[in-house]
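The values are calculated or read from the model by the stated rules, or taken from the named source; none is laboratory data. The model shown is predicted, which means the values in this text are computed figures rather than measured ones. Methodologically, a virtual Cβ is constructed for each residue, glycine included, from the backbone with ideal geometry; neighbour enumeration extends over all protein chains shown.
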Amino acid sequence: MIKVGEKIPSVKLKHMTAEGIKDITTDEIFKGKKVVLFALPGAFTPTCSAKHLPGFVQKAAEIKGKGVDTIACISVNDAFVMNAWGKDQKVEDKVLMLADGNGDFTRAIDLEMDGSGYGLGKRSRRYAMVVQDGVVKTLNVENPGAFEVSSAEAILKTL
């Protein structure tokens, strides 16, 4: 698993723009910026939709007020699903919705979980991290089934 002090690996992700789906690299997301990245098992799933993403949307101004350039949400879903979920959750420009459709980033940082028993396949564990210029400064990984250390409130306490 990636650790505090380590550099985010260079991986290509997808996100929806006004022109359609575009590639975005981790270098573009993190280089020279302070970023809060949080990950969750799946869009439209209960805890993710009721608590995790809404908390970051509600606290976006407060988080950015602490010097954060970007708040990003990543999931092993495709860009169409992440875009639809962002619209459903009224994310607007508060949170960058990132699609790790093949799980390349999730595997590269060794935070993959096997949700096959629930019909989910390989997904991301729930976590939140603060990244400064591509280097992990804070990493809060949840225990399976928990939602405590990766919330917007928990990240605000670390900033």
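The C-beta contact set for the stretch 35-49 (first residue closer than 16 Å to V95 by Cα, second residue modelled with pLDDT of 95 or more and among the acidic types (D, E), distance under 7 angstrom, 6+ apart or interchain) comprises V35/D69.
Taking the residues in the stretch 103-124 that are in contact with an Asp or Glu (Cβ under 7 Å, 6 or more places away or on another chain) and either in a loop (DSSP other than H, G, I, E, B) or β-branched (V, I, T) (or both) as candidates, determine which candidate is nearest to I2 (Cα to Cα). Only one residue fits best here, namely T106. When the stretch 101-159 is filtered for residues that are β-branched (V, I, T) and either under 25 Å from D27 (Cα atoms) or in contact with a Phe, Trp or Tyr (Cβ under 6 Å, 6 or more places away or on another chain) (or both), the ones remaining, listed by number, are T106, I109, V130, V131, V135, V136, T138, V141, I155, T158. With (1) touching a residue at least 40 places away in the same chain (Cβ under 8 Å); (2) more than 11 Å from the chain's Cα centre (by Cα) as the list, and R125 as the residue in question, which single condition is left unmet? Every listed condition holds for R125 apart from (2). When L53 is tested against (1) touching a strand residue (DSSP E or B) at 6+ places or on another chain (Cβ under 9 Å); (2) without any contact (Cβ under 8 Å) to a residue 60 or more places away in the chain; (3) over 16 Å from E142 (Cβ atoms), only condition (3) is not met.
Restricting attention to the stretch 62-118 and to residues that are among the hydroxyl-bearing types (S, T, Y) and at pLDDT 95 or above, the residue that is surrounded by the fewest Cβ atoms within 10 Å (Cβ to Cβ) turns out to be T70.
For (1) more than 24 Å from K14 (Cβ to Cβ); (2) among the basic types (K, R), each residue gets a yes or a no:
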residue	(1), (2)
K87	no, yes
E92	no, no
D100	no, no
D104	no, no
G121	no, no
S124	no, no
A128	no, no
D133	no, no
E153	yes, no
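If the condition is being of a type in the set (A, V, I, L, M) and part of a loop (DSSP other than H, G, I, E, B), then the stretch 131-155 contributes A146, V149. Selection of helices (runs of 4 or more DSSP H) fully inside the stretch 1-85 by the criterion of at least 2 residues being acidic (D, E) and over 13 Å from the mean Cα position of the chain (by Cα) returns 26-30.
Based on what the data block shows, is F147 surrounded by fewer than 18 Cβ atoms within 10 Å (Cβ to Cβ), touching a residue at least 12 places away in the same chain (Cβ under 8 Å) and on the phi < 0 side of the Ramachandran plot?
Values: surrounded by fewer than 18 Cβ atoms within 10 Å (Cβ to Cβ): yes; touching a residue at least 12 places away in the same chain (Cβ under 8 Å): yes; on the phi < 0 side of the Ramachandran plot: yes.
So F147 fits the description; yes.
Within the stretch 150-159, if we keep just the residues that are touching a strand residue (DSSP E or B) at 6+ places or on another chain (Cβ under 7 Å) and not aliphatic (A, V, I, L, M), the residue that is surrounded by the most Cβ atoms within 10 Å (Cβ to Cβ) turns out to be S150. Just one of the numbered conditions (1) surrounded by fewer than 14 Cβ atoms within 10 Å (Cβ to Cβ); (2) within 25 Å of K33 (Cβ to Cβ) is not true of A128: (1).
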